[in-house]
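> Got a structure for you, questions after.
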Amino acid sequence: MNGPAINEEFLQQLETLQTIVKNNVAGLFGGNHQSKTFGSSCEFADYRDYIAGDDITKIDWNAYARFEKLYLKLYLDERQLHTRIYIDASRSMGYGKGGKDIQAIRTAAALTYLSINEMDKVSVYVIHGDKIEELFTGLLGKDAYFAAIDKFNGIVFDGDCRISDAILPSTVGYGDGLSIIISDFLTDNNFEDAIDYLAGKKRDILCVQILSAEELNPTARGKMHFFDSEATSKYYRKNINKDILAAYKAAVEYSTGRVRDFCHSREADYMLVPANESLYKVFFDKLVGEGVLK
Amino acid sequence: MSFLYPLGFLALLGIPVLIIIYIIKNRYTEQVISSTYLWTLSNKFLKRRTPISMIAGIVSLILQIIIVIAVALAIAHPVFTVKNSANDFCFILDGSGSMNITYNDKTRLESGKEEIRKIINGTLKGSTYTILYADSDSPELVGTTSDKEQAFKYLDEIEPAYGNVSDTAALKIAQEYFTETPSVKIYYVTDVDYEHVENVEIINVAKNEQNFAVSDVKTATSGKKLTVSADVISYSGNAELSLGLYIDGSEALAATATVQVKAGEKTSFAFQPVADASEYKELKVSILNDDGLAMDSSVIVYSVNAVNEHRVLIVSDPHENGSEPAFFLTKMFDAINTVKLNYTIVGSEEYSLENYDNYELYVYDGYTPAELPSHGATWFINPTANAPATNFTYQGKMPSGTNARLEWTTDTSSSINPLFKEIDRGNPDEIYVETYVKCGITRDFDIILTHQKNPVLFTGTNAYGNRETVFAFDMNATVGVLTGDFLTLIRNLINYSFPSVLDETSFICGDILDINVLAGCDSITVTSPSGNIKSLDTDASVASYTITEVGVYKIVVKDVTGNSEEYSVFSALPEEERATSVTAQSFELTGEAKDGYRDGTYDDILYLFILIAVIAMADWVVYCYEQYQLR
């Protein structure tokens, strides 16, 4: 695998990045992300008339001296986000030497650290079939991160993955942060409903599509009989020649384009990550370039 | 259709073997991949396949199966029976000398053999072939066979003959064959066209030949320029001929000419004059076009002057009347153009035999030497005293003012006749001399002019055997030197004194080549163009040789001292033999031809091998295309 693995040096580099939040932050706890609601941060926002019962410590006495009327100073609120990461743990992600599983875990771990660094809560879920399994929830603080990171190694990539069926029944929060779906999206199963659902919950959405180098540029030639790792009943049998390779390239373009276009139509972010690409490039080039991070 | 080796179809077992190999070799490689989603999705983007492309995967197998079938068929060796396609064939091959004429690097005989091979190849099995070779007046049977290969061997056995064969013999044997088997198809392969043909097919192998000839090469000089002209003729058809002129054996063209000639018509032409070539030794005029009969495409002309060039010493003093030494004589020498005389004049005071040796002719004009040269001819003009070894005596000068009219001899002996060549002996010019020297003759001399029976001009030999001529008068004191006959006589006397080895250098094949045997000649050998060497008899005064070949003959004359001279003459093809295409009256076989066709068989399997090769190539192309598709 190219590029740096997750190590202390890379994590320190990650600390220079910051998540760009698009939706209004509606977290329960104070945090590091500015909210559009008024709160108790140092950031002045506006004045309003004093109403009995208001905190008198926030009355602007300078304004009272000038206008002889009580005005209350309003400040912007800063909230804590809850980043929820969904990892596709189907067999297609982990089969063979493609390295999609490793890339998915590394990406998830890096994103987790990024959120932790911003004093956000992070929950990581693993999707098996139509079920969501919690890897850990509400993780907060670097100590907790380093204590929980080993859990990533416990993810078993097996079975299939039905993203919408898994996410729709789950608790996804409302307007309180970023939802990240990491998958290869190589399925006819519905994923659009999940994105619609998350968008409806006012969550920022990032879809990370991970494809192996072999899937992007297949090297197989001649008469091949491919079996699907998730279901051997699915197979593909052909003499792979130039025509078929051209059609395959078109299929890759179509498949990635379909996910990308749908995400963009829902104002969700999308990023194609080759399994052999370095994390540094993924985070510092692509995510920054896409405007997900800054 | 039948098969020679039906067991060959066992090779068809190769087809199931091939299919099994194909199945085994072309098994799909099974592989589990993370997801077939993208591959399956790619079907949507695959171009619609044509019906041909749907069998593209097995095209190679189909081609290989066809190859196996073709191989099995080739081993089984199919034999097709074709109705009424076989017959008896008789080929009579002309073996006359003209069949050895070469055209396009091939003799007519070889062309005839090829024609026969073509006919035999075009026949089917079941035919018989009889080959006769008419190389003499009794044509020989080369062989009869029903096997094509054997027939070809018979043809290969035929060697060129150079006989002078008439077609009567061929006609006779063809008639015998035809009478015996009226159904036989007779071919007469020859180089003659016949106006009437019956029951025989004439194959004229000379039909398409081009044939040109050059003849009558003439030369003319103007100053140092040489103009060469000649006649050309085309025996085959109208043509544009390119001609080249080569001088003195050089391979570089001295001049070229292009001449339009009509068939059968002689056309004269001349090359542009060539500078500095008047004293050529030999020249060659050649037709540069391809020619079926190359023998008459070139003519070589050797200069007679170059052969007849002589060194002459004239011992003479200025005349008492003040004229230059030997004035009249030298003028006459200059006027004679049949020989070239390089003469040197010395005064009697200066002359000595030791200092002036090695000349071919010594002329003593008004002077008598004390000693005669032992070699070379001698002329005495107006002798003044006796001289040793001359075989004549000086008896004193006749009184001045005699004004004698000299009498021409009436002797017609063979030795004196050459001296009167081109002189009208019936009415010769009259010759008067003021005075003359009376001479006594001690040996046989040929007397040409006399006065009152006194020999005044006579020829013979001296004591050394060399030719001697005596003019017993002063040339400055006679009007005779101004007559044409006297000049002709001087020329004949020069020829007598220098008996040239060759009088001509251009001959026609069949001519007699006369070679003059000179005094002291030891041997004469003649080498023909083909390399045959013949020694001629040198006892007679003239050695004769019959020219039988076309080309350059080399003549080597060796004298008793061991010195030798080489001469060349050119022999051209006789005009009547220059035409390569001859038309004869008829070649007719009497009798009624019968239909002797029978069923023939065709068992050539070359087409199967070609089919196999083509399909194998196509299979290779398909393989290459598949490999290209997989790149």
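The values are calculated or read from the model by the stated rules, or taken from the named source; none is laboratory data. Source: prediction; values computed, not measured. Quick reminder, even Gly has a Cβ in these numbers, built from the backbone with ideal geometry, and neighbours come from all protein chains shown.
> State yes or no: is A:Y47 away from every other protein chain (no Cβ under 14 Å), modelled with pLDDT of 90 or more and either in contact with a strand residue (DSSP E or B) (Cβ under 9 Å, 6 or more places away or on another chain) or in a strand (DSSP E or B) (or both)?
Working: away from every other protein chain (no Cβ under 14 Å): yes; modelled with pLDDT of 90 or more: no; either in contact with a strand residue (DSSP E or B) (Cβ under 9 Å, 6 or more places away or on another chain) or in a strand (DSSP E or B) (or both): yes.
When the stated conditions are applied, A:Y47 does not pass them.
> Please list, ordered by residue number, the strands (runs of 3 or more DSSP E) wholly in the stretch B:168-270 having 3 or more residues that are of a type in the set (A, V, I, L, M, F, W, C). Before the answer, list the steps.
On the way: elements: B:185-190, B:192-198, B:201-204, B:212-222, B:225-234, B:239-247, B:255-261, B:267-270.
Of the strands (runs of 3 or more DSSP E) lying wholly inside the stretch B:168-270, those with at least 3 residues that are of a type in the set (A, V, I, L, M, F, W, C) span B:212-222, B:225-234, B:239-247, B:255-261.
> Any idea how many residues of the stretch B:96-125 are more than 31 Å from the chain's Cα centre (by Cα) and polar (S, T, N, Q)?
Matching residues across the stretch B:96-125 total 2.
> Name the single residue, out of those in the stretch A:240-265 being over 20 Å from B:E626 (Cα atoms) and of a type in the set (D, E), that is farthest from the other protein chains (Cβ to nearest Cβ).
So the residue we want is A:D261.
> Here's something else I'd like to know. Do we find a residue being free of Cβ contacts under 8 Å to residues at least 24 places away in the same chain, more than 24 Å from A:M271 (Cβ to Cβ), away from chain B (no Cβ under 14 Å) and assigned to a helix (DSSP H, G or I) anywhere in the stretch A:129-143?
yes
> So, one more: I'd like the residue in the stretch A:190-214 that is touching a helix residue (DSSP H, G or I) at 6+ places or on another chain (Cβ under 6 Å) and under 19 Å from A:A250 (Cα atoms) and, out of all such residues, is nearest to the other protein chains (Cβ to nearest Cβ).
A:S212
> Out of all the residues in the stretch B:337-389, which are closer than 24 Å to B:P399 by Cα, without any contact (Cβ under 8 Å) to a residue 60 or more places away in the chain and part of a loop (DSSP other than H, G, I, E, B)? Please lay out each step first, then the result.
First pass over the stretch B:337-389, keeping only residues closer than 24 Å to B:P399 by Cα: B:364-369, B:379-387.
Next cut, without any contact (Cβ under 8 Å) to a residue 60 or more places away in the chain only: B:364, B:367-369, B:384-387.
Those that are closer than 24 Å to B:P399 by Cα, without any contact (Cβ under 8 Å) to a residue 60 or more places away in the chain and part of a loop (DSSP other than H, G, I, E, B): B:Y367, B:T368, B:P369, B:T384, B:A385, B:N386, B:A387.
> How many of the residues in the stretch B:432-454 are in a strand (DSSP E or B) and under 17 Å from B:A385 (Cβ atoms)?
Qualifying residue count, the stretch B:432-454: 5.
> Let me ask another. In the stretch A:252-265, is there at least one residue being surrounded by 15 or more Cβ atoms within 10 Å (Cβ to Cβ) and not in a helix (DSSP H, G or I)?
Looking for residues that are surrounded by 15 or more Cβ atoms within 10 Å (Cβ to Cβ) and not in a helix (DSSP H, G or I), one finds none in the stretch A:252-265, hence no.
> Name the single residue that is surrounded by the fewest Cβ atoms within 10 Å (Cβ to Cβ) among those in the stretch B:516-543 being closer than 23 Å to B:E575 by Cα and in contact (Cβ under 8 Å) with a residue 24 or more places away in the chain. Give the steps one after another, and end with the answer.
Of the stretch B:516-543, the ones closer than 23 Å to B:E575 by Cα are B:528-530.
If we keep only those that are in contact (Cβ under 8 Å) with a residue 24 or more places away in the chain as well, we get B:528-529.
On the way: B:S528: 18, B:P529: 16.
The selected residue is B:P529.
> Let me ask you something else. List the residue pairs whose Cβ atoms are under 6 Å apart, where the first residue sits in the stretch A:230-246 and is in contact (Cβ under 8 Å) with a residue 12 or more places away in the chain, the second is among the basic types (K, R), and the two are 6 or more positions apart or on different chains.
Matching pairs, first to second residue: A:E230/A:R91; A:N239/A:K223; A:I240/A:R221.
> Still on this structure, please answer the following. Is it the case that the stretch B:364-371 has a residue that's within 25 Å of B:D485 (Cα to Cα), of a type in the set (D, E) and surrounded by fewer than 21 Cβ atoms within 10 Å (Cβ to Cβ)? Break it down into steps so the answer makes sense when it comes.
Applying the first criterion (within 25 Å of B:D485 (Cα to Cα)) to the stretch B:364-371 yields B:364-366.
Filter again for of a type in the set (D, E), leaving B:365.
Okay, now just the ones that are also surrounded by fewer than 21 Cβ atoms within 10 Å (Cβ to Cβ), so none.
No, that holds for no residue.
> Which condition from (1) more than 12 Å from every other protein chain (Cβ to nearest Cβ); (2) free of Cβ contacts under 8 Å to residues at least 40 places away in the same chain; (3) among the basic types (K, R) is the one that B:R108 breaks?
(2)
> Looking at B:L518, B:L487, B:L502, which is the one that is in a helix (DSSP H, G or I) and among the hydrophobic types (A, V, I, L, M, F, W, C)? Spell out how you get there, then give the answer.
Details: B:L518 fails: in a helix (DSSP H, G or I); B:L502 fails: in a helix (DSSP H, G or I).
None of the others qualify; the one that does is B:L487.
> Output the qualifying pairs, or none if there are none: Cβ atoms under 7 angstrom, residues six or more apart or on different chains, first residue in the stretch B:32-55 and more than 7 Å from chain A (Cβ to nearest Cβ), second residue exposed (fewer than 12 other Cβ atoms within 10 Å of the Cβ) and at pLDDT 90 or above.
none
> Take A:D269 and decide whether it is within 15 Å of the chain's Cα centre (by Cα), more than 7 Å from chain B (Cβ to nearest Cβ) and of a type in the set (D, E).
Numbers: within 15 Å of the chain's Cα centre (by Cα): yes; more than 7 Å from chain B (Cβ to nearest Cβ): yes; of a type in the set (D, E): yes.
Against the criterion (within 15 Å of the chain's Cα centre (by Cα), more than 7 Å from chain B (Cβ to nearest Cβ) and of a type in the set (D, E)), A:D269 qualifies.
> A:I149 - would you say it is more than 14 Å from every other protein chain (Cβ to nearest Cβ), modelled with pLDDT of 90 or more and closer than 30 Å to A:K121 by Cβ? Spell out how you get there, then give the answer.
On the way: more than 14 Å from every other protein chain (Cβ to nearest Cβ): yes; modelled with pLDDT of 90 or more: no; closer than 30 Å to A:K121 by Cβ: yes.
Answer is no for this residue.
> Only one of A:N217, A:N190 is touching a residue at least 24 places away in the same chain (Cβ under 8 Å) and surrounded by fewer than 17 Cβ atoms within 10 Å (Cβ to Cβ); which? Reasoning before the result, please.
Values: A:N217 fails: touching a residue at least 24 places away in the same chain (Cβ under 8 Å).
Matching residue, one of A:N217, A:N190: A:N190.
> For B:L611, work out the one condition from (1) closer than 15 Å to B:S60 by Cα; (2) modelled with pLDDT of 85 or more; (3) surrounded by 13 or more Cβ atoms within 10 Å (Cβ to Cβ) it doesn't fulfil.
Of everything listed in (1) closer than 15 Å to B:S60 by Cα; (2) modelled with pLDDT of 85 or more; (3) surrounded by 13 or more Cβ atoms within 10 Å (Cβ to Cβ), B:L611 misses just condition (1).
> Of all residues being basic (K, R) and within 14 Å of chain B (Cβ to nearest Cβ) in the stretch A:67-101, which is surrounded by the most Cβ atoms within 10 Å (Cβ to Cβ)? Just the residue, please.
Filtering the stretch A:67-101 down to residues basic (K, R) leaves A:69, A:73, A:79, A:84, A:91, A:97, A:100.
From what is left, the residues that are within 14 Å of chain B (Cβ to nearest Cβ) are A:91, A:97, A:100.
Working: A:R91: 21, A:K97: 9, A:K100: 30.
Checked the stretch A:67-101; the qualifying residue surrounded by the most Cβ atoms within 10 Å (Cβ to Cβ) is A:K100.
> Oh, and also: What is the number of the single condition among (1) surrounded by 19 or more Cβ atoms within 10 Å (Cβ to Cβ); (2) within 16 Å of the chain's Cα centre (by Cα) that A:C161 does not meet?
It fails just one condition, (2).
> Among the residues that make up the stretch B:395-411, is at least one of them crowded, with 19+ Cβ neighbours inside 10 Å, out of contact with any Ser or Thr (no Cβ under 6 Å at 6 or more places or on another chain) and either free of Cβ contacts under 8 Å to residues at least 40 places away in the same chain or more than 25 Å from B:I336 (Cβ to Cβ) (or both)?
Yes - at least one qualifying residue is present in the stretch B:395-411.
> Does B:Y302 fit the bill of being aromatic (F, W, Y) and either at pLDDT below 90 or surrounded by fewer than 15 Cβ atoms within 10 Å (Cβ to Cβ) (or both)? Step through it out loud before you land on a result.
Numbers: aromatic (F, W, Y): yes; either at pLDDT below 90 or surrounded by fewer than 15 Cβ atoms within 10 Å (Cβ to Cβ) (or both): yes.
Judged against the criteria, B:Y302 is a match.
The rows are residues; the columns are (1) surrounded by 17 or more Cβ atoms within 10 Å (Cβ to Cβ); (2) assigned to a helix (DSSP H, G or I).
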{"residue": "B:P16", "(1), (2)": "no, yes"}
{"residue": "B:V32", "(1), (2)": "no, no"}
{"residue": "B:N43", "(1), (2)": "no, yes"}
{"residue": "B:V59", "(1), (2)": "yes, yes"}
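> While we're here: Just the residues that are under 30 Å from A:R84 (Cα atoms), more than 8 Å from every other protein chain (Cβ to nearest Cβ) and either at pLDDT 90 or above or in a strand (DSSP E or B) (or both), please, taken from the stretch A:215-238.
In the first step, residues of the stretch A:215-238 are kept if they are under 30 Å from A:R84 (Cα atoms); the result is A:215-216, A:228-231.
Narrowing further to those that are more than 8 Å from every other protein chain (Cβ to nearest Cβ): A:216, A:231.
Correct list: A:L216 only.
> Taking A:A104 as the residue in question, decide whether it is more than 14 Å from chain B (Cβ to nearest Cβ) and part of a helix (DSSP H, G or I).
Working: more than 14 Å from chain B (Cβ to nearest Cβ): no; part of a helix (DSSP H, G or I): yes.
No; evaluated as a whole, the condition is false for this residue.
> Here are some residues: B:F80, B:F91. Which one is modelled with pLDDT of 90 or more, assigned to a strand (DSSP E or B) and closer than 30 Å to B:E201 by Cβ? Spell out the reasoning first.
Numbers: B:F80 fails: modelled with pLDDT of 90 or more.
Going through B:F80, B:F91 in turn, just one is modelled with pLDDT of 90 or more, assigned to a strand (DSSP E or B) and closer than 30 Å to B:E201 by Cβ: B:F91.
> Continuing with this model, one more query. With A:I155, A:I205 as the choices, which residue is surrounded by fewer than 22 Cβ atoms within 10 Å (Cβ to Cβ), of a type in the set (A, V, I, L, M) and under 23 Å from A:S278 (Cα atoms)? Show your work before the answer.
Values: A:I205 fails: surrounded by fewer than 22 Cβ atoms within 10 Å (Cβ to Cβ).
Exactly one residue qualifies, and that residue is A:I155.
> Could you tell me which numbered condition B:G143 fails, if it satisfies all but one of (1) surrounded by fewer than 20 Cβ atoms within 10 Å (Cβ to Cβ); (2) in contact with a helix residue (DSSP H, G or I) (Cβ under 8 Å, 6 or more places away or on another chain); (3) more than 19 Å from B:V184 (Cβ to Cβ)?
Against the list (1) surrounded by fewer than 20 Cβ atoms within 10 Å (Cβ to Cβ); (2) in contact with a helix residue (DSSP H, G or I) (Cβ under 8 Å, 6 or more places away or on another chain); (3) more than 19 Å from B:V184 (Cβ to Cβ), B:G143 comes up short only on (3).
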